[in-house]
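Notes to accompany the following structure.
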Amino acid sequence: MRSILQFCSVAALVAGLLLSAHPLLAGSDPHLEKSWCDTDGRPINAHGGGVLFYRGVYYWYGEAKSGRTYLPDCNKSWGGTRVDLTGISCYSSTHLVDWKNEGLVLHATPDDPQSDLYPGRVLERPKVIYNRTTRKFVMWLHVDTADYAAARCGVAVSDQPGGPYKYLGSFRPDAGCWPVNATAADKIPGAKNVLERDFKTGQMARDLTVFVDDDDKAYLFYSSEENLTMHVSLLTDDYLHTSGKYARIFVGRSMEAPAVFKHGGKYYFVGSGCTAWAPNAARSAVANSPFGPWTELGNPCVGPDATNTFHAQSTFVLPVQSSPEMYIFMADRWKQWDLPASSYLWLPVEFKTNGTFQIPLVKFMNTATSL
Ligand code: DGJ
């Protein structure tokens, strides 16, 4: 079995995907899960990623993770591991199976300790959307300090999907604005809630995703309020900023790793609970509008180890262009003590007749060559 994984033809790549989806292999030998290689034969390095389809090509953007994994700093409130930030990677493919490395499209800036892109900072979950009016490719990122206290979102922009992306800076969304569904109690000055605490400076933003609707309106979904509640913000028409119109969703449900997609006129959500790099049960929900109300549908995963999302955490749901009924659930299998060794799990989203969906642990990429 190992020999199959040592070369990276399409066939071996498919085999690698099957293996990384197999429950018996989860966590057994990390090297087996490194088998998804790019067209140069190197392991794909695009974690917490998302995919943009543009003019016949899929672009997969992700966190380029390399180097040493630092252990938790016990003096800080946050106790996870981290690597130095190197940048955002991009891979391209016409078939979703073989991926060409397009290099780093956003680079760390080791010479500027004040920069969001300094190696000692955090840059996670890049998602790129295309603005048909400005013809710009806009990247949204979770930007943070090493202790995850800054909780900001960042924006970068490019004229081409394959970059380079110009970093525009970071901010906390919707400063000075109340969400459309804020209650009178939320707004009382000095009220003991995070929403009111952060009203003037902008709301916290950690794990995030962006979603573009059929009418070209774009929405930013992000974990806010100390990760207790998610927010969804309408972006400005140029997609470069939040507009001030936003809603609180999944109030008090402590969700992160959001992924949003649309099918049959309905909006669907997949995410996770908040357990740092450790996997937990996926969450899902459906709504008639990005602003909600969202109805939770429970854990969509079915099969062995469904209770921890097959040892993975959601990052994106990818609509397959050639098959309007086909969506791919993209997830990360984090290796929290060796983050660059983290791997990927891609599975199909299966819609049910009652309007819900499931994510089964199947030999999904059997069909990859026909995508
Ligand atoms: C879980 C998030 O989903 C990841 O993107 C990352 O921020 C880790 N937490 C850090 O512990």
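Before moving on, here are some points about what is shown:
- The residues of the chain present an accessible area of 41 Å² per residue when probed at 1.4 Å with all protein chains retained.
- Under the combined filter of DSSP loop state and at most 13 neighbouring Cβ atoms within 10 Å, the stretch 316-353 retains these trypsin sites (Lys or Arg not before Pro): 352.
- Counting charges near residue 171 (Lys, Arg +1; Asp, Glu -1) among other residues having Cβ under 11 Å from its Cβ returns a value of 0.
- For the pair residue 236 and residue 191 in one chain, pulling the backbone fully straight at 0.36 nm per residue adds 13.3 nm over the alpha carbon distance.
- Karplus-derived 3J(HN,Hα), 6.51/-1.76/1.60, for each residue of the stretch 335-348, Hz, glycine and proline x: 10, 5, 9, 8, 4, x, 7, 4, 10, 10, 9, 10, 9, x
- Treating r as the C-beta distance of residue 74 and residue 111 and R0 as 35 Å, the FRET efficiency rounds to 0.75.
- Taking the chain and dividing mean pair separation by its residue count, relative contact order in percent (alpha carbons under 8 Å, at least six apart): 13
- Within the shell defined by Cβ-Cβ distances under 9 Å, the residues around residue 38 carry a net charge of 0, with Lys and Arg each +1 and Asp and Glu each -1.
- What the phi angles of the stretch 52-61 give under the Karplus curve with 6.51, -1.76 and 1.60, with θ = phi - 60°, is a coupling list of 10, 9, 8, 6, x, 10, 8, 10, 9, 9 Hz, glycine and proline written as x.
- Computed extension length for residue 362-residue 307: 18.2 nm, one decimal, from 0.36 nm per residue of separation with the Cα-Cα distance subtracted.
- Among the trypsin sites (Lys or Arg not before Pro) in the stretch 260-332, none is located in a DSSP loop while being surrounded by at most 10 other Cβ atoms within 10 Å of its own Cβ.
- For residue 100, the aspartates and glutamates whose Cα comes closer than 13 Å to its Cα, not counting residues fewer than 8 places off in the same chain, are 38, 40.
- Accessible heavy-atom area order of 94, 353, highest first, probe of 1.4 Å: 353, 94
- Surface composition of the chain: carbon plus sulfur atoms hold 53% of the accessible area, using a 1.4 angstrom probe and ignoring ligands, DNA and RNA.
- Spread of Cα-to-Cα distances over 10 Å intervals beginning at zero, given as percent, for the chain: 5, 25, 36, 26, 7, 1, 0
- For residue 217, a cut-off of 27 angstrom between C-alpha atoms picks up these lysines, skipping any fewer than 8 places away in its own chain: 127, 136, 166, 200, 245, 262, 266.
- Dipole magnitude of the stretch 4-360 about its Cα centre (Cβ charges: Lys, Arg +1; Asp, Glu -1), debye to nearest 20: 380
The values are calculated or read from the model by the stated rules, or taken from the named source; none is laboratory data. Remember, it's a predicted structure, so these values are computed and weren't measured experimentally. Because the Cβ atoms are built from the backbone with ideal geometry, glycine has one as well, and the counts that use them run over all protein chains shown. Side chains are part of the model used for accessible areas, which takes the heavy atoms of the whole protein and leaves out ligands, DNA and RNA. Shrake-Rupley method; radii C 1.70, N 1.55, O 1.52, S 1.80 Å.
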